[in-house]
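Peer 1: One structure, pasted below without further comment.
The values are calculated or read from the model by the stated rules, or taken from the named source; none is laboratory data. Since the model is a prediction, treat every value here as computed from it, not as a measurement. Neighbour counts are summed over all protein chains in view; Cβ atoms, including those assigned to glycine, are modelled from backbone coordinates with ideal geometry.
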Amino acid sequence: MINLSASYSVIDSHTAGHPTRVIFNGIPRLNGKSVRERRDDFRNRFDRLRAALLHEPRGHAAMVGLVPVPSDVADFGAFFISSYVYLDMCGHGTIGFAKTLAFTGQISPSTGDSFTLETPAGVVAVALDWDQGGALAAVRMKNVASYVGVEDLEVDVAGVGRIRTDIVYGGMWYALVDARSLGLDLVPDRASQLMLDGSIIKAAIKNAIAGMPLFQGAPAPSVLFYAADAPDSATHFLVLESNKFDRSPCGTGTSARMTHLLHKGILQAGQVYSARNIFGIPFEARLAESTQANGREAAIVEIRGNAHVTSAQTIFFEAGDPLSEGFLSR
């Protein structure tokens with residue numbers, strides 16, 4: 001008989017290729033009144049579980065986890081965990097959560113065509129498109145307010161050259177970089193080189209913005225390479241670390257890019273922006289409403305996409321396992 005020290009029930013899905021692992025049980029009771037407070041309590045007391053549940057040998061560098069928690073202000077509450085940082089908001093993860101709720105029967109056509117979700121970044125509205133057979137065909141997520149933080153930042157990057165970027169908030173901070181201006185092809189066969197170049201650019205941008213009050217206390221902006229084939233259509237490749245990229249077009253990143261296009265007047269209200277990943281799978285974005293955030297003009301962007309369940313499993317931790325804390329190879 002195997003001597004188990006712990007077990008966790010999870011459901012895995014992917015949203016346009018990027019994983020979401022919803023952790024349904026095994027998480028200790030968390031203190032706090034809001035989702036953000038409960039997330040912070042998890043980080044302070046149980047961060048070891050993040051690595052154990054997401055990293056190898058039970059996960060991998062690109063795994064994203066979602067922890068459902070109670071909410072006093074929304075239908076559901078959840079926070080997001082990843083290999084390196086805690087995410088205030090995650091678009092692909094929200095879409096994956098909706099798919100998982102449908103898979104488990106917690107939402108269905110009989111419960112309605114929308115729900116609200118409290119995240120550490122705020123409450124988001126999630127609309128549901130059900131097909132005639134009662135299956136979830138698509139998810140439409142209204143993101144938190146997105147806005148432009150810094151425009152026309154120029155940085156010299158060793159081995160890459162001089163880059164120009166605009167940094168935009170879409171729930172997390174993103175440095176938008178035109179891939180074609182650097183001669184980069186956004187294709188699967190170039191993923192390793194793109195991650196390397198993007199991580200070097202990310203480090204240079206982090207140094208360049210150090211001390212700017214706008215970014216204090218936030219993770220460094222991730223690099224969103226884009227290659228536009230039309231004003232309303234582009235391929236995205238989001239570099240998170242030297243060994244991690246977002247397989248999806250990135251929901252919050254797409255919100256940032258859409259907001260930037262609106263800010264520049266390249267797109268107008270009412271137009272739809274199509275953001276594809278390197279496998280050709282799109283997210284669709286549109287302006288839901290204009291607003292103000294952090295003293296700036298801001299946009300509420302709706303992202304439309306879908307997720308697919310890949311497994312329902314129990315993750316075991318056997319007593320005496322020398323790799324129970326998880327590991328990452330960079």
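Peer 1: If you scan the range 117-150, which residues turn out to be surrounded by fewer than 16 Cβ atoms within 10 Å (Cβ to Cβ) and either among the hydrophobic types (A, V, I, L, M, F, W, C) or under 30 Å from residue 175 (Cβ atoms) (or both)?
Peer 2: 135, 137
Peer 1: Oh, and also: Just to be sure before I move on: is residue 73 within 22 Å of residue 254 (Cβ to Cβ), hydrophobic (A, V, I, L, M, F, W, C), surrounded by fewer than 22 Cβ atoms within 10 Å (Cβ to Cβ) and touching a residue at least 12 places away in the same chain (Cβ under 8 Å) in the structure I sent?
Peer 2: no
Peer 1: Still on this model: Which of (1) modelled with pLDDT of 95 or more; (2) over 23 Å from residue 300 (Cα atoms); (3) not hydrophobic (A, V, I, L, M, F, W, C) is the odd one out, the single condition residue 174 does not satisfy?
Peer 2: (2)
Peer 1: Exactly one of these conditions fails for residue 133: (1) touching a strand residue (DSSP E or B) at 6+ places or on another chain (Cβ under 7 Å); (2) at negative phi. Give me its number.
Peer 2: Here residue 133 clears every test but (1).
Peer 1: Looking only at the range 3-52, filter to residues that are among the hydrophobic types (A, V, I, L, M, F, W, C) and under 28 Å from residue 283 (Cα atoms); which one of those is nearest to the chain's Cα centre (by Cα)?
Peer 2: Applying the filter and picking the extreme gives 16.
Peer 1: Would you be able to tell me the number of residues in the range 265-315 that are outside the structural domain of residue 173 (by TED's automatic domain parsing) and modelled with pLDDT under 95?
Peer 2: Qualifying residue count, the range 265-315: 0.
Peer 1: With (1) modelled with pLDDT under 95; (2) buried (at least 16 other Cβ atoms within 10 Å of the Cβ) as the list, and residue 2 as the residue in question, which single condition is left unmet?
Peer 2: (2)
Peer 1: Identify the residue in the range 9-35 that is farther than 25 Å from residue 61 by Cβ and aliphatic (A, V, I, L, M) and, among all such residues, is surrounded by the fewest Cβ atoms within 10 Å (Cβ to Cβ).
Peer 2: 30
Peer 1: Another question, if that's okay. Among the numbered criteria (1) assigned to a strand (DSSP E or B); (2) surrounded by fewer than 18 Cβ atoms within 10 Å (Cβ to Cβ); (3) modelled with pLDDT of 95 or more, which single criterion is violated by residue 162?
Peer 2: For residue 162, the exception is condition (3).
Peer 1: Moving to a separate point now. Hey, any hits in the range 133-153 for a residue that's in a helix (DSSP H, G or I), assigned by TED's automatic domain parsing to the domain that holds residue 23 and closer than 24 Å to residue 309 by Cα?
Peer 2: Checking the range 133-153: not a single residue is in a helix (DSSP H, G or I), assigned by TED's automatic domain parsing to the domain that holds residue 23 and closer than 24 Å to residue 309 by Cα.
Peer 1: While we're on this one: When residue 240 is evaluated against the numbered criteria (1) in a strand (DSSP E or B); (2) within 17 Å of residue 153 (Cβ to Cβ), which criterion, by number, is the only one it fails?
Peer 2: Of everything listed in (1) in a strand (DSSP E or B); (2) within 17 Å of residue 153 (Cβ to Cβ), residue 240 misses just condition (2).
Peer 1: Also, I was wondering about something else. When residue 298 is evaluated against the numbered criteria (1) in contact (Cβ under 8 Å) with a residue 24 or more places away in the chain; (2) more than 26 Å from residue 152 (Cβ to Cβ); (3) surrounded by fewer than 22 Cβ atoms within 10 Å (Cβ to Cβ), which criterion, by number, is the only one it fails?
Peer 2: (2)
Peer 1: Which one is nearest to residue 137 (Cα to Cα), of the residues in the range 305-330 that are in a loop (DSSP other than H, G, I, E, B) and acidic (Asp, Glu)?
Peer 2: 325
Peer 1: Sticking with this structure for a sec: I need a count of the residues in the range 5-29 that are closer than 27 Å to residue 245 by Cβ and of a type in the set (Phe, Trp, Tyr).
Peer 2: Total meeting the criteria: 1.
Peer 1: Of the residues in the range 252-285, how many are touching a residue at least 24 places away in the same chain (Cβ under 8 Å) and assigned to a strand (DSSP E or B)?
Peer 2: 8
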